[in-house]
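Data block below; observations after.
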Amino acid sequence: MVKVFIYPATSLILSDMVARFGHTPLSSAIAIRERIQTPGLESPPLQITPEEPKKGLKWAAVEVPAGVRGRMSLYGPMVEEAEAAIIINDADLSFGCMGCARTNELIKFLLREKDIPKLDLVYPKNEEDGVRFVAAIKRFLDGLGGAK
Amino acid sequence: MTNYTPVYPGTVTKYVIVESFTITPADLAIRAYEIAGEVIVKETCFGLVINGKEEDVTRIITELRRIDPDHIFTKDRGFPPGDARRCRASLGGARPGFHGIEYEMQILPYVSHGLAEIRKRTIEEIPSPASPLEHPALDIGKLKKLMEAQEP
């Protein structure tokens with residue numbers, strides 16, 4: 001099983017496709033679950049503590065806003081762990097505040113810099129697009145090997 | 001500062017989302033309850049939220065998928081079901097994250113069609129989608145259409 005980073009990291013479709021075709025999706029839920037299930041001091045709602053922006057310094061410089069660095073402490077380790085990536089380029093749903101927007105740009109930059117197999121797609125807009133979309137993902141994931 | 005103790009440590013939570021003409025979340029919930037064992041199953045408007053040990057949740061999802069494999073989708077969730085930090089019963093309005101699912105649910109019929117078709121057709125013969133990273137020059141036909149669409 002290959003660890004596949006999905007972008008948008010909250011995508012239902014990509015998360016399902018990767019798991020369905022026998023690999024492990026790396027999504028934001030995994031990083032959030034890790035924090036939600038770790039005992040410590042209460043820091044609602046996401047258990048993000050002041051330590052997270054410090055950890056984010058590994059991926060973003062100190063002058064980058066703390067919001068971006070805090071988010072990168074969730075996504076950065078997963079980007080490093082990823083052995084492949086599927087990126088949807090017209091994912092309007094991942095648009096949020098400026099912190100989200102800049103983090104998204106940084107995630108995509110880090111993925112493009114990394115020497116791993118990548119698949120770039122856009123959301124299907126009709127049934128024939130849907131067939132091509134699913135076939136492209138299946139071909140890509142089968143090509144990675146090691147499917148469960 | 002207060003201490004934080006996780007509610008269901010060592011468990012996983014997954015969404016099961018149904019976008020089908022023949023299966024409703026209630027049908028899935030009944031089937032899930034039949035085979036549940038030691039897991040929490042919560043029915044929602046779009047499907048189910050299942051929480052429990054990873055192997056139990058995987059077993060139930062594998063079983064549920066068999067009902068309608070092309071129309072049942074799954075996704076990880078960070079919070080357990082009914083968590084006050086996320087549940088709309090305590091927050092009001094749509095749950096954070098719902099809008100993402102709502103957006104992708106409009107696309108699920110095309111994906112379901114694709115999943116059905118790749119079993120009927122040879123996958124190598126299906127052309128690849130156009131790469132979004134390529135920016136081709138503006139097609140002359142499209143330019144003409146744009147010019148004609150201009151107000152005089």
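Whole angstrom only: what separates the Cα centroid of the stretch B:1-52 from the Cα centroid of the stretch B:94-117? Measuring centre to centre over Cα atoms gives 18 Å. Restricting the calculation to Cα atoms, chain A shows an Rg/Rh of 0.99 when the hydrodynamic-style radius is the Kirkwood one.
Per residue, the convex hull spanned by the alpha carbons of the stretch A:1-43 comes to 76 Å³. If you run the Gaussian network model on chain A, springs between alpha carbon atoms under 10 Å, then out of A:Glu105, A:Glu128, A:Glu80 the most flexible one is A:Glu128. With Rh defined as the Kirkwood radius, the inverse of the mean 1/r over Cα pairs, the Rg/Rh of the protein assembly as shown is 0.99. Taking chain B as a Gaussian network, Cα atoms linked when under 10 Å apart, which of B:Thr58, B:Thr44, B:Thr122 shows the biggest mean-square fluctuation? Answer for the Gaussian network model of chain B: B:Thr122.
Any idea what angle helix A:127-144 forms with the longest principal axis of chain A, computed on alpha-carbon atoms, 0 to 90 degrees, nearest 10? So the helix axis and the longest Cα principal axis differ by about 70 degrees.
Bridgeable lysines around B:Lys120 (alpha carbons under 17 Å apart, same-chain partners fewer than 8 residues away excluded): A:Lys138. Between B:Tyr15, B:Tyr103, B:Tyr33, the residue with the greatest mean-square fluctuation in the GNM of chain B (Cα pairs under 10 Å linked by springs) is B:Tyr103.
Output the 0 to 90 degree angle, nearest 10, between the alpha-carbon long axis of helix B:140-149 and the longest principal axis computed from the alpha carbons of chain B. That works out to roughly 90 degrees.
Here A:Lys58 is the anchor, and the lysines within straight C-alpha reach of less than 17 Å, apart from those fewer than 8 places off in the same chain, are A:Lys108, A:Lys114.
Measure nothing fancy, just the Cα-based angle from helix B:108-120's long axis to the longest principal axis of chain B, in degrees from 0 to 90, nearest 10. Long axis of B:108-120 versus the principal axis of chain B: about 80 degrees.
For the stretch A:74-130, the relative contact order works out to 51 percent when only alpha carbon pairs closer than 8 Å and six or more residues apart are counted.
Read-outs: derived from the displayed coordinates by stated rules, not from any lab. Computed from a prediction, not measured in an experiment: that's the story for all the values here.
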